[in-house]
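Asker: Here's a structure for you.
The values are calculated or read from the model by the stated rules, or taken from the named source; none is laboratory data. Note that the structure is a prediction, hence the values are computed from the model and not measured. So basically every Cβ, Gly included, is an ideal-geometry build from the backbone, and we count neighbours across all protein chains shown. We work out accessible area using only protein heavy atoms, side chains counted, and drop any ligands, DNA or RNA first. Shrake-Rupley method; radii C 1.70, N 1.55, O 1.52, S 1.80 Å.
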Amino acid sequence: MRVAIIENMQNTHLGQIGVALAEANVEREWFYVWDGQPLPSGVADHDGLIVLGGEQSAIDDERHPYLPELARLMRTFAEAGKAVLGVCLGSQLLARGYGAENRLGAAREFGWHDVQLTEEGRKDPLFAGLSDGFPIFQWHSDTFSLPQGSVRLASNAATPNQAFRIGRAAYGTQFHFEADRTVVEAWGQEFPEIVERSAPGWLADYPRIAAVHAEPADRAGLAIARAWVAMMQATDAVDAIAAQ
């Protein structure tokens with residue numbers, strides 16, 4: 001199997017997603033759009049599409065002119081029945097691709113925060129085996145309206161649309177489930193000034209915060225990553241049978 005990975009910001013960590021892809025022996029093809037690399041020309045060469053986070057907004061077309069095309073590409077993959085995963089900025093772009101409203105600066109969260117599964121989320125295979133609520137890492141200030149025809153899967157008080165599914169296997173998660181403790185610590189080292197502005201004192205208090213939240217968040221994040229990869233495999237198998 002082969003997945004296209006869109007990197008919107010240099011040196012983005014795959015974290016738990018990378019673990020799950022490696023376990024399933026999925027080939028990765030990276031597209032460094034932040035550096036001007038073109039997007040995939042279509043859906044035929046990949047079994048799934050992953051769109052990672054970034055510092056830009058989902059409608060920052062002037063500085064990042066590829067964004068409208070990327071939003072359309074995500075919808076094209078989804079409507080072709082391919083597995084799609086949008087994380088943080090990626091979720092906002094998936095929503096944009098389906099005509100939702102991107103709301104800038106309307107939902108600020110940083111650090112580990114609890115999210116709650118909706119009734120539909122408790123039934124969805126992406127969250128199979130997880131408790132109704134779990135801590136997960138957040139780093140965003142923007143959000144979006146729920147696309148027409150989609151299903152809200154997870155929520156919290158700060159950001160009602162924490163996760164959604166549209167179509168057969170296209171998912172957006174506002175939260176960074178890929179960010180295990182190793183990724184979070186790397187972010188703290190790479191962006192200390194931004195972290196301090198986002199959450200004053202958080203880095204100084206990190207050992208205490210991590211001792212409480214990191215382990216359950218890591219378990220949940222890896223379970224979600226494995227579930228999405230399993231759905232990509234299942235979707236590919238269904239397509240293969242249908243083509244016979």
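Asker: Take the alpha carbon gyration tensor of region 113-157, find the square roots of its eigenvalues, order them as a ≥ b ≥ c, and report rounded if a/c is under 1.5; if not, report prolate when a/b exceeds b/c, else oblate. Don't jump to the answer; show the numbers that get you there.
Answerer: On the way: a/c = 2.28, a/b = 1.09, b/c = 2.08.
Taking the square roots of the gyration eigenvalues as a ≥ b ≥ c, region 113-157 is oblate.
Asker: How large is the accessible surface of ARG219 in square angstrom, using a 1.4 angstrom probe and rounding to the nearest 10?
Answerer: Here the accessible area works out near 140 Å².
Asker: Quick one: pull the percent of accessible area on the chain belonging to carbon and sulfur, 1.4 Å probe, ligands and nucleic acids left out.
Answerer: Working: 5240 of 10780 Å².
Carbon and sulfur: 49 percent of the exposed surface of the chain.
Asker: So for the pair ALA230, ALA106, with labels modelled 7 Å out along Cα→Cβ, what separation do we get in nm?
Answerer: So the two model labels end up 3.4 nm from each other.
Asker: What is the sum of charges around GLY36, taking Lys and Arg as +1, Asp and Glu as -1, for the other residues whose C-beta is under 14 Å from the C-beta of GLY36?
Answerer: -2
Asker: Measuring from label point to label point, each 7 Å out along Cα→Cβ, what is the GLN37 to SER198 span in nm?
Answerer: Here the answer is 2.4 nm between the modelled labels.
Asker: When the Cα centres of region 89-139 and region 3-38 are compared, how far apart do they sit, in Å?
Answerer: Distance between centres, Cα-based: 20 Å.
Asker: Multiplying the sequence separation of ARG208 and GLU62 by 0.36 nm and subtracting their Cα-Cα distance, what value in nm do you get?
Answerer: 48.5 nm
Asker: Can you bin region 88-136 into rounded, prolate or oblate? Criterion: square roots of the alpha carbon gyration tensor eigenvalues sorted a ≥ b ≥ c, rounded for a/c under 1.5, prolate for a/b above b/c, oblate for the rest.
Answerer: oblate
Asker: Okay, helix-only estimate at 222 nm for the chain: each DSSP H run of n ≥ 4 adds -39500 (n - 2.57), divide by all residues, round to 500 deg cm²/dmol; what do you get?
Answerer: Mean residue ellipticity, 222 nm, calculated: -11500 deg cm²/dmol.
Asker: Quote the relative contact order of the chain in percent (integer), defining contacts as alpha-carbon pairs under 8 Å separated by 6+ residues.
Answerer: Working: 480 pairs, mean separation 50.9, N = 244.
Contact order relative to length: 21 percent.
Asker: How do 118-126, 2-10 rank on mean C-beta neighbours within 10 Å, highest first?
Answerer: Answer by packing, highest mean first, reads 2-10, 118-126.
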